[in-house]
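Rule-based calculations on the coordinates, nothing more; no lab input. Keep in mind it's a predicted model, so treat the numbers as computed, not measured. So basically every Cβ, Gly included, is an ideal-geometry build from the backbone, and we count neighbours across all protein chains shown.
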Amino acid sequence: MIVDVHYHMIPMMPEEMIESVLHDPIRMAKVMGREVDHASLVAKAKEMWGDPEGDKLLQSMDEEGVDFTVICAVDNADNEVFTTELVEWQNKAVAEVAQKHPDRVMALAGVDPRRDNAVDLLKQAIEEFGMRGLKYHADYGFDPVGPESYKLLEIVEKNGGVLLSHTGPLPPPSRPKYADPSLLADLGVDFPDLKVIAAHMGMVDWRPWAALATHQPNLYGDLAMWDAFAFGRYDLFCRDLRDLIDYAGIEKVLFATDNPIAQVVRTTREWIALIKDLPTNAPSGVRFTDDEVEAILGGNAVSLLGLG
């Protein structure tokens, strides 16, 4: 079973916002050593990123070989585009995709804890829309373990939900100091039953995540954005993946895509195949087993999310 725990469900993508989102796929392509034409990337983004009903998601899952996907909305209270009305509409639209396809999709709400009505928005998302947790992009400028955040995390934990929180540096205007994996340390104490996925595991700064995950039973990490180095610096990717598994444990590592953002420069099928081929293709001195691959691609997520 292939489970993608990190997919950005984008019900609506205005053309004027595409350029601001393309910076990371362009960076990924450069790391991969893949030449990309800017106009072609824009055309792909227009085609793939706006998906109000989830039809593109389901089609992609079928074509690329993904059995189950955790989809999320994202909120940024600093961005004037994200009005309260838009946040509510976006969460409802994302939730409805999961409601229509509960055997294949699970939805996480996007709520920025800095909003005055953040608690009400999250309660609505979980209690009324049926969403199963929360997605944070703390690098937008808030403390993921600050007092405002704790009010939301209490709700998520009470409802047996999941927190998917971005970790790792991104270009400005991202504020990476709020995305340091070590900031998640207090969650293991104050929210011992909260399931936490550190999106990207801090990326190149994965060791703080691994140090925490070694000791915190409910802290996991996903491989979203690791595909750039997997394709472009394969030996380095294999060494780092092997090391973090040996430190934190294979059960803590989850497959993820960051789709549909990353799909404009690589297919999901390619990413899955690279993981599947680790036992035979890893460089000399680095070894992966078939059981580890199965755990990464879906087994761990099945256990974490209770998919059965």
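Remarks
- Taken about its Cα centre, the stretch 3-305 carries a charge dipole of about 540 debye when Lys and Arg each add +1 at the Cβ and Asp and Glu each add -1 at the Cβ.
- Comparing THR69, ALA198, GLY249 along the charge dipole axis of the chain, the residue lying farthest to the positive side is GLY249, per the Cβ-charge model.
- Panel order for MET106, MET1, by other beta carbons found within 10 Å of each beta carbon, from fewest to most: MET1, MET106.
- Using the Cβ of TRP209 as centre and a radius below 13 Å, the other residues enclosed give a net charge of -3, where K and R count +1 and D and E count -1.
- The ranking of ARG115, ARG239, ARG266 from fewest to most other beta carbons within 10 Å of each one's beta carbon is ARG239, ARG115, ARG266.
- Restricting attention to the chain, lysine pairs at least eight places apart or on different chains and with alpha-carbon atoms under 13 angstrom apart total 9.
- When the Cα gyration tensor is reduced to axis lengths a ≥ b ≥ c, the ratio a/c is 1.5 or higher for the stretch 231-271, and with a/b not above b/c it is classed as oblate.
- Fraction of the pair-distance distribution of the stretch 194-308 above 17 Å, Cα-Cα pairs, percent: 52
- Listed from fewest to most Cβ neighbours within 10 Å, the set HIS23, HIS101 follows the order HIS23, HIS101.
- Shape call, the stretch 8-93: gyration tensor on alpha carbons, a/c limit 1.5: oblate
- Whether the stretch 169-262 is rounded, prolate or oblate, judged on the alpha carbon gyration tensor where a/c under 1.5 counts as rounded: oblate
- Semi-axis lengths (Å, descending) of the ellipsoid that matches the C-alpha gyration tensor of the chain: 27, 23, 19
- Charge dipole (debye, nearest 20) of the stretch 24-148; +1 at Cβ of Lys and Arg, -1 at Cβ of Asp and Glu: 280
- Separation of the stretch 292-308 from the stretch 178-201 is 20 Å, based on Cα centroids.
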